[in-house]
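The values are calculated or read from the model by the stated rules, or taken from the named source; none is laboratory data. Remember, it's a predicted structure, so these values are computed and weren't measured experimentally. Glycine also receives a Cβ, built like all others from the backbone with ideal geometry; neighbour counts cover every protein chain displayed.
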């Protein structure tokens, strides 16, 4: 019988910098869903990758002094490395610099142009570089980007536009007829009310102000903008061909069952992307799930705020499965989650060391103590045993129900509720007391078997979330009963089998010691604090300072002083007169870079001769090894006093 197919994707990670734990959550969340769908017997294709074009990448590369391709190769490798570190089971990792992707995107753009859905015009508006988005004056919030709050630049340029408005009614009908297309429900309301109902504007889909992108085939001064480039990865990865004869993967797996994305890019995936597919005559994805964010304490994670946490650091302290567990169990379905080092430690000790680890170690120890490590044959069961087995069935059904709705944290909650019930079963049956009598030993066989079987079922259910830990537990039990079918009936664990020795799954953390270790590591990684300067002068009074005359001067001319590699000769305008000044900044500035700049001049400094050239004043600068001249705003008049 042919398996039911299931195609799932993450958003492709932008290659601007190393992904933090909030970015990493998405791949782990998607991996848990993909693994679960495989577990229940579906034919899964799981796609992830990196988004590598655009002006931001070009600027980052220029700042680093390397070519854009070299820059994205480095960051893409970092992204893939973290995805692999987190034990994610993607089937393909696509890069938007892959030749096949670039070729197909170029063909998609050309087809949309030739059929009249893309046209050339001119754009005039405000551009946000971080969001790579244009806004009208009315869309700005306090004169800044309405999405990220960054400064925007007034931009006017020739561009190609996509006719979004042409497909608005068709998209509205699709969303109405497919109520689960956008989830959670709150996200759908946001998209419909804030973006669709006000009316769609045509979308800018090319740029001329940078070159790092896929060229428009028929107009080489334009590069294809991020929306068509990045969003198309979901079909180019499968071998889609806009001119017919798409590949076998595309014919098998498209349409996508679910796009897993961050809530901040929902508009692009639920409005831009579906309309592009409509224009291409292709089926739309069945669902787009916009997941919440992880907050570092109460704030959104941000490098500028210094509150960024990285997956590899967490793994170094707690291990891969503990980090996966925290991410998956701590993020609610629709609200933002919170991550701090102290929270991770607390959950590690309470749930992994106590609830899970303690149950496994106690039960295996009792099996070895009372039955020499051989799984006993269960005997008669009582009402308590029946109720315990019913709890196991509820856990299996609960996990299935929650995972089918992508409520991963709630699915883990169902599983750990059963683990807590299993620990309670030990307290209720008191195996240590049963072992004291012959009748008790018979009853003990059933109790220990039920506990071992509960652990096996839990380990199978644990596979999508903590696959390393699941494998270890199943190895301890020496069982081959690992598939979904095996958890449908309580009692699949084979009696008479010798269990294996196993390590402690999760040793309890000393939270105080771990906190000190983390604090020391963070301190070592933080930028060195500036040391007090060694040449601090003695205090002066305001009368002493008043003797120094500081004025704004504009540099009119600038040239090197002959036979000197340190000095520049400047002619400056003080408004009421011009002067000649010699300054030792030749190693740090080219003459042409200074002409027209306004600087601070110490105007009452006694004239001196430097290398035979008279200097009537001194311009102010900071630093010694890396000198920076203090420039003044162009709006300040020449000759203005500074006090």
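Among the residues of the range 567-594, what is the count of those that are surrounded by 15 or more Cβ atoms within 10 Å (Cβ to Cβ), in a loop (DSSP other than H, G, I, E, B) and under 48 Å from the mean Cα position of the chain (by Cα)?
Count: 5.
Inside the range 156-183, can you point out the residues that are touching a residue at least 12 places away in the same chain (Cβ under 8 Å), within 26 Å of residue 135 (Cα to Cα) and assigned to a helix (DSSP H, G or I)?
165, 166, 167, 168, 170, 171, 172, 175
Please verify whether residue 327 is crowded, with 22+ Cβ neighbours inside 10 Å, touching a helix residue (DSSP H, G or I) at 6+ places or on another chain (Cβ under 8 Å), outside the structural domain of residue 463 (by TED's automatic domain parsing) and not in a loop (DSSP other than H, G, I, E, B), treating the condition exactly as stated.
yes
For the range 158-202, which positions are crowded, with 16+ Cβ neighbours inside 10 Å and within 30 Å of residue 70 (Cα to Cα)?
Once the filter is applied, which keeps residues that are crowded, with 16+ Cβ neighbours inside 10 Å and within 30 Å of residue 70 (Cα to Cα), the range 158-202 yields 159, 160.
Count, please, the residues in the range 229-267 that happen to be closer than 30 Å to residue 187 by Cα and modelled with pLDDT under 95.
Looking only at that region, the number is 6.
Do the conditions hold for residue 89, that is, is it surrounded by fewer than 17 Cβ atoms within 10 Å (Cβ to Cβ) and either over 19 Å from residue 260 (Cα atoms) or touching a strand residue (DSSP E or B) at 6+ places or on another chain (Cβ under 7 Å) (or both)?
yes
Which one of 283, 332 is modelled with pLDDT of 95 or more and surrounded by fewer than 17 Cβ atoms within 10 Å (Cβ to Cβ)?
Step by step, each of 283, 332 is checked, and only 283 is modelled with pLDDT of 95 or more and surrounded by fewer than 17 Cβ atoms within 10 Å (Cβ to Cβ).
Which residue pairs have Cβ atoms under 6 Å apart, sit 6 or more places apart or on different chains, and have a first residue in the range 618-640 that is on the phi > 0 side of the Ramachandran plot and a second that is exposed (fewer than 12 other Cβ atoms within 10 Å of the Cβ) and assigned to a loop (DSSP other than H, G, I, E, B)?
Cβ pairs passing all conditions: 639/576.
I need the full set of residues from the range 95-107 which are assigned to a helix (DSSP H, G or I) and within 17 Å of residue 49 (Cβ to Cβ), in order please.
99, 100, 101, 102, 103, 104, 105, listed by residue number.
Give the number of residues within the range 362-376 that are over 12 Å from residue 450 (Cβ atoms), assigned to a loop (DSSP other than H, G, I, E, B) and out of contact with any strand residue (DSSP E or B) (no Cβ under 9 Å at 6 or more places or on another chain).
Number satisfying all stated conditions: 0.
Out of everything in the range 203-221 that is part of a loop (DSSP other than H, G, I, E, B) and touching a residue at least 60 places away in the same chain (Cβ under 8 Å), what residue ends up being nearest to residue 101 (Cα to Cα)?
Out of the qualifying residues, it is 213.
In this structure, is residue 469 in contact with a helix residue (DSSP H, G or I) (Cβ under 6 Å, 6 or more places away or on another chain), within 30 Å of residue 336 (Cβ to Cβ) and either assigned by TED's automatic domain parsing to the domain that holds residue 356 or without any contact (Cβ under 8 Å) to a residue 40 or more places away in the chain (or both)?
yes
Is it the case that some residue within the range 531-539 is touching a strand residue (DSSP E or B) at 6+ places or on another chain (Cβ under 8 Å) and modelled with pLDDT under 95?
Looking through the range 531-539, none of the residues is touching a strand residue (DSSP E or B) at 6+ places or on another chain (Cβ under 8 Å) and modelled with pLDDT under 95.
Looking at the range 62-70, is at least one residue touching a residue at least 40 places away in the same chain (Cβ under 8 Å), exposed (fewer than 15 other Cβ atoms within 10 Å of the Cβ), not assigned by TED's automatic domain parsing to the domain that holds residue 399 and not in a strand (DSSP E or B)?
Among the residues of the range 62-70, not one is touching a residue at least 40 places away in the same chain (Cβ under 8 Å), exposed (fewer than 15 other Cβ atoms within 10 Å of the Cβ), not assigned by TED's automatic domain parsing to the domain that holds residue 399 and not in a strand (DSSP E or B), which makes the answer no.
From (1) within 17 Å of residue 56 (Cα to Cα); (2) in contact with a strand residue (DSSP E or B) (Cβ under 7 Å, 6 or more places away or on another chain); (3) surrounded by 16 or more Cβ atoms within 10 Å (Cβ to Cβ), pick out the condition that doesn't hold for residue 212.
It fails just one condition, (2).
Working carefully through the options 119, 135, find the one that is loosely packed, with under 15 Cβ neighbours inside 10 Å and closer than 24 Å to residue 279 by Cβ.
Step by step, each of 119, 135 is checked, and only 119 is loosely packed, with under 15 Cβ neighbours inside 10 Å and closer than 24 Å to residue 279 by Cβ.
Report, by residue number, each residue of the range 272-299 that is within 20 Å of residue 130 (Cβ to Cβ), touching a strand residue (DSSP E or B) at 6+ places or on another chain (Cβ under 9 Å) and not in a loop (DSSP other than H, G, I, E, B).
Of everything in the range 272-299, those that are within 20 Å of residue 130 (Cβ to Cβ), touching a strand residue (DSSP E or B) at 6+ places or on another chain (Cβ under 9 Å) and not in a loop (DSSP other than H, G, I, E, B) turn out to be 272, 290, 294, 295, 296.
Determine whether the range 427-444 contains at least one residue that is out of contact with any strand residue (DSSP E or B) (no Cβ under 8 Å at 6 or more places or on another chain), without any contact (Cβ under 8 Å) to a residue 60 or more places away in the chain, surrounded by 19 or more Cβ atoms within 10 Å (Cβ to Cβ) and in the same structural domain as residue 358 (by TED's automatic domain parsing).
yes
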